[in-house]
Amino acid sequence: MGRVTVVGGGVVGLTTALRLAQAGHRVECLRDLPVERTVSALAGGLWFPYHVEPRERVVGWGLVALEQFTALATDRATGVLMRQGVLVERHGEDRWWTAGVPGWRGARAAEVPAGATGGVVVTLPVVTMPVFLPWLEGRCAAAGVQFQAGTVDDLADVEGDVVVVAAGLRSGALVGDAEPTASRGQVALLSNPGLTRWLVDDEHPDGLVYAVPHPEWVVCGGTDVLGSWDTEPDAAVHAAIVARVRETVPALAAAEVLGSRVGLRPVAPAVRLGKDEVGGRVVVTNYGHGGAGVTLSWGCAEEAVRLVGA
Ligand SMILES: Cc1cc2nc3c(=O)[nH]c(=O)nc-3n(C[C@H](O)[C@H](O)[C@H](O)COP(=O)(O)OP(=O)(O)OC[C@H]3O[C@@H](n4cnc5c(N)ncnc54)[C@H](O)[C@@H]3O)c2cc1C
């Protein structure tokens with residue numbers, strides 16, 4: 001088994017590093033941000049294939065992660081919970097993402113907001129990222145992954161028999177790809193008054209609405225502004241998100257506002273999961289997961305291991 005260097009230590013890089021180490025490779029993970037400062041750390045953490053392509057591959061990768069997160073939810077230390085919630089439909093049914101997902105059903109009228117044409121009720125993993133990422137890092141270390149802090153400017157400077165580029169939004173710059181493009185996502189964090197059901201209403205006429213309840217807080221969204229690289233929270237956008245969420249999820253009407261965060265989704269026309277030879281060495285790419293890096297993490301990691309080979 002060869003020496004593999006993974007560039008990137010967000011959810012995609014860490015999951016890939018873990019699976020490579022478990023497959024018997026000597027793995028180094030090189031990253032320039034601590035996990036808590038990655039985009040992955042501020043994700044809502046709901047298993048849901050949002051703003052990602054191509055659908056025909058996304059379904060398979062997602063099912064691998066669904067199964068893995070479902071198993072992890074039996075251990076509280078992972079930060080994974082299984083929670084029932086509703087995906088609101090406002091323009092008829094578009095249920096491609098339910099293929100292979102167990103136990104879903106159509107929503108009853110009382111389960112969706114006014115103006116909805118329907119919805120899907122299903123129990124899915126909710127991953128509390130500030131708990132899960134350190135747990136994942138610990139699993140990597142236990143499996144023998146060596147961590148290095150540092151910025152890569154040129155892949156030629158990276159040691160290893162194989163390099164895996166899993167550097168999120170900044171991956172393109174390392175491999176000469178114009179993608180991914182940033183899609184700005186602003187969220188409001190509200191205290192959790194006891195909410196357990198999640199809600200996603202991504203066809204809401206006033207803009208994206210979602211509420212993902214974690215034990216201590218609820219991640220509420222949101223925005224999805226393709227082409228915006230601005231990472232500063234906007235006060236007016238924040239007020240509008242809070243108002244939309246409180247109207248759609250009345251249980252949050254009096255919840256305390258804890259803060260506002262912005263992250264940039266790494267959006268590409270298709271997830272960049274492939275293999276190339278650069279400078280006589282194999283480079284595997286695993287980036288461009290858009291709004292679904294958590295949702296696809298384990299499935300894409302397993303495919304990356306197959307691409308690295310023996
Ligand atoms: C508001 C918001 C909500 C979201 N909610 C969800 C959700 O509910 N469910 C879901 O599945 N997805 C969600 N997403 C999407 C998800 O967060 C991303 O798809 C995912 O975090 C991408 O992970 P990543 O590991 O590729 O990148 P990142 O988390 O950005 O990590 C990139 C890593 O690469 C390293 N790196 C980059 N460039 C270099 C370099 N040149 N040298 C060294 N290191 C480098 C960084 O240090 C970092 O460790 C959400 C995104 C946003 C913005």
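Quick notes
- Surface accessible to a 1.4 Å probe, per residue, for the residues of the chain, Å²: 42
- Each part gets one Cα centre, and for segment 264-296 versus segment 84-126 those centres are 29 Å apart.
- Computed Kirkwood radius, in angstrom, where 1/r is averaged over Cα pairs of segment 166-218: 13.9
- Cα-based shape type of segment 14-167, given that a ≥ b ≥ c are square roots of the gyration tensor eigenvalues and the cut on a/c is 1.5: prolate
- Two-site FRET efficiency, Ala253 against Glu216, from Cβ-Cβ distance with R₀ of 22 Å, rounded to 0.05: 0.75
- Antiparallel %, DSSP beta bridges [both residues in the chain], to 5: 70
- The label-point distance for Ala141 and Thr196, in a model that sets each label 7 Å from Cα toward Cβ, rounds to 3.4 nm.
- Accessible surface of segment 77-203, 1.4 Å probe, proportion on carbon and sulfur as whole %: 50
- Acute angle (nearest 10 degrees) that the helix 235-248 long axis makes with the longest principal axis of the chain, alpha-carbon atoms: 60
- Convex hull volume of the Cα atoms of segment 170-273, normalised per residue: 122 Å³.
- Spin-label model distance (nm) - Gln148 vs Arg76, 7 Å beyond Cα toward Cβ: 3.9
- As an equivalent ellipsoid, segment 3-308 spans semi-axes of 33, 19, 18 angstrom, where each value is the square root of five times an eigenvalue of the C-alpha gyration tensor, largest first.
- Label-to-label distance, nm, for residues given as Arg55 and Arg105 (7 Å Cα→Cβ offset): 2.5
The values are calculated or read from the model by the stated rules, or taken from the named source; none is laboratory data. The structure presented is a predicted model; accordingly, all values stated were derived computationally and were not measured. A quick note on method: Cβ atoms are made from the backbone with ideal geometry, for glycine too, and the neighbour counts reach across all protein chains shown. Note: areas computed on protein heavy atoms with side chains; ligands, DNA, RNA excluded. Shrake-Rupley method; radii C 1.70, N 1.55, O 1.52, S 1.80 Å.
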